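Here the structure is laid out as structure tokens; the discussion comes afterwards.
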Amino acid sequence: MERQERERERQETYTATATIDEQGILTSWSDGARRLLGYDSPAVVGRPATALLGAEGGAARRVLAGRERWNGVVPLRHRDGRLLELGVLVHRRTSQTGATDWLVVSAVPARAQPPRGEPLEEWTFLQSPFPLAIFDAGLRLVRANRRMERALTLPEAAVRGLRLPHILPGAASEEADRSMRRALESGRPQEIALQLGPELGRSTVLTPLKDADGRVRAICLSARPATAQDSGTTPADTPAGQPPDQTRAAQELADSTVPALADAMVLDLLDTPAEETEGAHEAGEASVAGEGEGATGVGEGEQSVQRAEAVLLRRVAMCGVPDVGRYAGGAGVGETVGCPVESPAARCLLEGRPLVFDTADPAVAGWVAVDPGAAWVRAAGVRSLLAVPLAAPGGALGVALFGRRYDREPFGREDLRQAQECTARAAAGIRQARDHARARTTTMALQRSLLPHTLPDQAALEIATRYLPAATRAGVGGDWFDVIPLSGARVALVVGDVVGHGIRASATMGRLRTAVRTLADVDLPPDELLTHLDDLVLRLAADESSADPAGDTAGGIGTTCLYAVYDPVSRRCTLARAGHPPPAVVTPDGAVRFVDVPAGPPLGLGGLPFEACETDLAEGSLLALYTDGLFEAREHDIDEALDKMFAALGRPAKSLDSVCDHVLTALLSHRPDDDIALLVARTRVLHEDRVVAWELPNDPTVVAHARRLTDEQLSVWGLQEAAFTTELMVSELVTNAIRYGRPPIQLRLIHQDANLICEVYDASGTTPHMRRARIFDEGGRGLLLVAQLADRWGTRHDRVGKTVWAEQSLSATAE
């Protein structure tokens, strides 16, 4: 009975969760989110999160910029069109692999909150010197006193109804949640190692709360104040091996100095290091506000801060400060602090050295009395203040302010030395974190600039694509995809995976993608194209080895690629691959299979052949090309992953975008450890009523007959406006084939939506060249005329012979 009641309480309150990557794309969607907003996971995963906002998306990005956590009310759009004003809590998370994303949680209670207790009980709870929180039988927070609010730096309203792992994401919170479950079921108190805030210790007690009948109805979580043993170490829930993070570096500085060195401290950073703001002041990006008098160099040229009315800093850490933020009207973590030029922080940055102040000094006392950024000094009762700049190569990063209360000695020489050592370590960590973030941002920008921004217009295939960057510390990889229109209404599909990560992999990807496009324009068969690409990779590797013998790059050696060409006239797809996973095909009746394409070696090995294969695809068939990152998360059970992909591809869907969503949802349980490129195409067919071909005798008199056949066919298609131009092109192309080519000769016309294509085939392998005829030349003007009349023209070589083609836009002809 008791277990059933607890289960009913859990069902009455649920949590909606979602995760959003750095690019603003939804990467997961819980069942609670579905119940709240009505969208199924496949409908939203992989889509921009701003599509669900009932407000302008840029505002959300501005609110979250530079923050590790945010809470507030957000207008969200329900599937039925309603706008819901919901309270949400947003965490910025960094995984062990270095990926960052946002966890968005919202508690949705289905019943009213229980009434408060008697006044004496209420006063005891609210005024307890220990942080207290009460979790119901569903392990969701229902009460938090003011001490707990300060420890979490969140009001009770922002976390009410949430479980502890959603309030403080991390491995320690997950373990604490399990301990609460044990306390709930056993009825016995539990003591765990969990640090809720920098001013609290790691010892946390979980006490079962029982009713008059002895049944456990809730859990009370109480934390103890920090002791000397708690300082100088990183939080228990900080995973090892994470990439650099400036917030963690700042928190480590706080943990190592409070209370051992100081009773309280704050860390304020310039949003951009000093050397990066030079030249940006006119654009409004400098970290100094007001009318400046010019830059003043200090500290042996390492640091420079613009002299002005105020220095703008961002507060990133606070420790040992009670009643701060909204309680004292001061600036909290994540807020901007404007420091007057005579304030301790500004003077420390300007002079480039540590400074000690007595808060009884009139100048300092005046600053403390009026500046919101100094509210922490009043709240902590600081008497002695130590300001230490965070110096790094190239410029100051910010300033750390340490405070001691009246019951301790003022800061001395040894304290100054210890503070400098601690801040130097923090500065190195923060600089490393910023360099890492800047490098990743640069690589992401390069990667996205090299990928296609829009898919080209073509009528042979309906196409949808997805690209998910890696969530690893190594950075973005070199996966890419491309869609290339070819002659004869054909389309080439490309998916590749460059070995390695980072900016080198992205640059190599850009070179290879350009090379593939160039080779595709020559209309090379897939196996020949990969052979040329293989030679290019070998040359790139040789060039890079000569330029950087000690480098760790191989110029793309080991890169994989799949190249496919689909012809909507013959319904035939020709494919070749270089060490790449084979594509999957879904037939119109729902059967899923792999295309048996000969594997071929990865690019860059040299001397090994590539082999192409052909397969006929019925109209409406689905072709899926992908990179192996799709299976990385399930590498230990590849058979299960393949089954899931086949099931997702064969699942009925309204659109190809939904197919992509189905595949990613089925195979990804977290951010990928390797890049993922996914390209899904549905085949279309140009039927016989859109294509006509004639065999022509090798006789000059047949040219007039070819013009007449063309005119008659255009009349059948209702394209009389294009007759004059088309007849001229047909006349020149057929004449050239008869004069310079070899039989058999074939004329083909293709009517593809808004385009008309003329093709003339002959058995000669000689490529025609356009030249400028002299005044008295009798010939040499044919191809020049075709080039002037057509939108595109070229030569396509077959195994035997060649085809000269010309394509014109019917919309331009109609105008």
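The values are calculated or read from the model by the stated rules, or taken from the named source; none is laboratory data. Fair warning: this is a prediction, and the values are worked out from it, not measured in the lab. Methodologically, a virtual Cβ is constructed for each residue, glycine included, from the backbone with ideal geometry; neighbour enumeration extends over all protein chains shown.
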Before we move on, is Ser570 polar (S, T, N, Q), crowded, with 17+ Cβ neighbours inside 10 Å and over 21 Å from Asp534 (Cβ atoms)? no
Selection from segment 77-88 of residues surrounded by 12 or more Cβ atoms within 10 Å (Cβ to Cβ) and either touching a residue at least 40 places away in the same chain (Cβ under 8 Å) or not assigned by TED's automatic domain parsing to the domain that holds Val105 (or both) yields Arg77, His78, Arg79, Leu84, Leu86, Gly87
Across (1) of a type in the set (Gly, Ala, Ser); (2) at pLDDT below 85; (3) surrounded by 17 or more Cβ atoms within 10 Å (Cβ to Cβ); (4) within 23 Å of Val333 (Cα to Cα), Ser106 clears everything bar (2)
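Results for (1) modelled with pLDDT of 90 or more; (2) touching a Pro at 6+ places or on another chain (Cβ under 8 Å), shown as yes or no for each residue.
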| site | (1), (2) |
| --- | --- |
| Arg577 | yes, yes |
| Val586 | yes, no |
| Leu603 | no, no |
| Gly607 | no, no |
| Glu611 | yes, yes |
Within segment 358-380, residues being in contact with a Lys or Arg (Cβ under 9 Å, 6 or more places away or on another chain), surrounded by fewer than 16 Cβ atoms within 10 Å (Cβ to Cβ) and within 18 Å of Pro410 (Cβ to Cβ) number 2
Note on segment 596-619: residues surrounded by fewer than 19 Cβ atoms within 10 Å (Cβ to Cβ) and assigned to a loop (DSSP other than H, G, I, E, B) are Asp596, Pro598, Ala599, Pro601, Leu605, Gly606, Gly607, Leu608, Pro609, Glu611, Ala618, Glu619
Going through (1) part of a loop (DSSP other than H, G, I, E, B); (2) in the same structural domain as Gly24 (by TED's automatic domain parsing); (3) at pLDDT 80 or above one by one, Arg67 fails only at (3)
Any residue that is modelled with pLDDT of 90 or more and assigned by TED's automatic domain parsing to the domain that holds Arg466 - is there at least one of those in segment 664-679?
yes
Among helices (runs of 4 or more DSSP H) entirely inside segment 143-187, those with 2 or more residues being modelled with pLDDT under 85 and not aromatic (Phe, Trp, Tyr) are 146-152, 156-159, 171-186
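Please return the ranges of helices (runs of 4 or more DSSP H) entirely within segment 331-428 where 2 or more residues are over 24 Å from Arg69 (Cα atoms) and of a type in the set (D, E, K, R). Spell out the reasoning first.
Working: elements: 344-351, 362-370, 375-380.
So the answer is 344-351.
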Taking segment 166-183 and keeping only residues that are within 29 Å of the chain's Cα centre (by Cα) and touching a residue at least 24 places away in the same chain (Cβ under 8 Å), one is left with His166, Ile167, Leu168, Pro169, Gly170, Ala171, Ala172, Ser173
Before we move on, is Gly330 touching a Pro at 6+ places or on another chain (Cβ under 9 Å) and either farther than 29 Å from Arg146 by Cβ or at pLDDT below 85 (or both)?
yes
All conditions in (1) modelled with pLDDT of 90 or more; (2) part of a helix (DSSP H, G or I); (3) not basic (Lys, Arg) are true of His751 except (2)
